[in-house]
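Heads up, the thing below is written out as structure tokens.
None of the figures in this text is laboratory data; all of them are computed from the coordinates on show. The structure displayed is predicted, hence computed values, not measured ones. When we count neighbours, we look across all protein chains shown, and the Cβ atoms used for this are built from the backbone with ideal geometry, even at glycine.
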Amino acid sequence: MRHISSSALLVAVLIAWELGVLLSGVSPLVLPAPSAVTETLWDGLVSGALWQHLWVTGAETLLGFALGCVIGFLIGAILAEMPRLRRLLWPYVLASQVVPKLALGPIFIIWFGFGMTSTVIITALICFFPLLENTITGLSNVPQEKRDLFRMLGATRLQTLLRLKLPTSMPVILAGIRVAIVLALVGAVVGEFIAGSKGLGASIIAAQGMMDTTLIFALFILITLMGLFFYQIIVVIERRILQSRQKGTF
């Protein structure tokens, strides 16, 4: 029922949008009709003109997501296990996240040049903090009585981490991964705005230069669909991991 209501709302918005553009006579340069956007999107996919940009953005998103999540998780686990080190480094970690990643783009271009490398690094930096924060939060909030039980049983620090803390904190860590995958696509597109020659973000800049508003809207749709696709994959993986954990196989 929820999906039916959401679909009905989308159809109503599109109809209202189409009629509003038709009746108002607004220029396509300002607001194109949904039918024109759909036609442009279809032509771009059928001709193959958009596929290379779609693959580039997808690759940058996944590479940056994987790199940022791995580094964020590892550093988060280290800081969670070493409170003194966390207190020492946390102000610097937080300060590094306050700096807008877009402002770092020119530096990355100087260091790594235009192209995928700079965009992947920007994406990884954006994905880094959610995993770091959620990993620290999850590992630090394991119930004390469970820690005491493992200590009484003679478990080592590594055994406690692998067999107690990680499984217990998995829902919190996976929530961070869900946030990171959405931010990864944002990071890839934003990175392409300033450092990319290919990709959906670079295509938006090119379409802006040509004053092709219809193409810009078509690219927005592609980015949205890609984001929903990646998010649903993470949700499915998260559900299976949590189900395995409940069954005791994780």
Of all helices (runs of 4 or more DSSP H) fully inside the range 140-220, the set with 1 or more residues that are in contact with a Gly (Cβ under 9 Å, 6 or more places away or on another chain) and of a type in the set (A, V, I, L, M) is 166-195, 200-209
Selection over the range 139-175 where residues are closer than 14 Å to Gly76 by Cα and of a type in the set (Val, Ile, Thr) yields a count of 2
Next on the checklist: Being outside any loop (DSSP other than H, G, I, E, B), in contact with an Asp or Glu (Cβ under 9 Å, 6 or more places away or on another chain) and on the phi < 0 side of the Ramachandran plot: is that true of Val93 here?
Outcome noted: no
Flagged in the range 139-175 as closer than 23 Å to Tyr92 by Cα and either aliphatic (A, V, I, L, M) or in contact (Cβ under 8 Å) with a residue 40 or more places away in the chain (or both), in numbering order, are Leu139, Ser140, Ile173
If we keep only residues of the range 105-160 that are among the polar types (S, T, N, Q) and over 19 Å from Pro83 (Cα atoms), then the residue nearest to the chain's Cα centre (by Cα) is Thr123
Next item on the list: Using the structure shown, decide if Ile221 is touching a residue at least 60 places away in the same chain (Cβ under 8 Å), buried (at least 19 other Cβ atoms within 10 Å of the Cβ) and β-branched (Val, Ile, Thr).
Entry: no
Just one listed residue, out of Pro83, Pro100, is closer than 23 Å to Leu158 by Cα and surrounded by fewer than 18 Cβ atoms within 10 Å (Cβ to Cβ), and it is Pro83
From the option list Ile71, Ile136, Ile78, single residue qualifying as free of Cβ contacts under 8 Å to residues at least 24 places away in the same chain, part of a helix (DSSP H, G or I) and under 30 Å from Ala188 (Cα atoms) is Ile78
Within the range 95-119, residues aliphatic (A, V, I, L, M) and either farther than 16 Å from Val186 by Cβ or out of contact with any Phe, Trp or Tyr (no Cβ under 9 Å at 6 or more places or on another chain) (or both) come out as Ala95, Val98, Val99, Ala103, Leu104, Ile107, Ile109, Ile110, Met116
When (1) in a helix (DSSP H, G or I); (2) surrounded by 16 or more Cβ atoms within 10 Å (Cβ to Cβ) are applied to Ala12, the one that fails is (2)
Of (1) without any contact (Cβ under 8 Å) to a residue 12 or more places away in the chain; (2) not in a loop (DSSP other than H, G, I, E, B), Ala49 fails just (2)
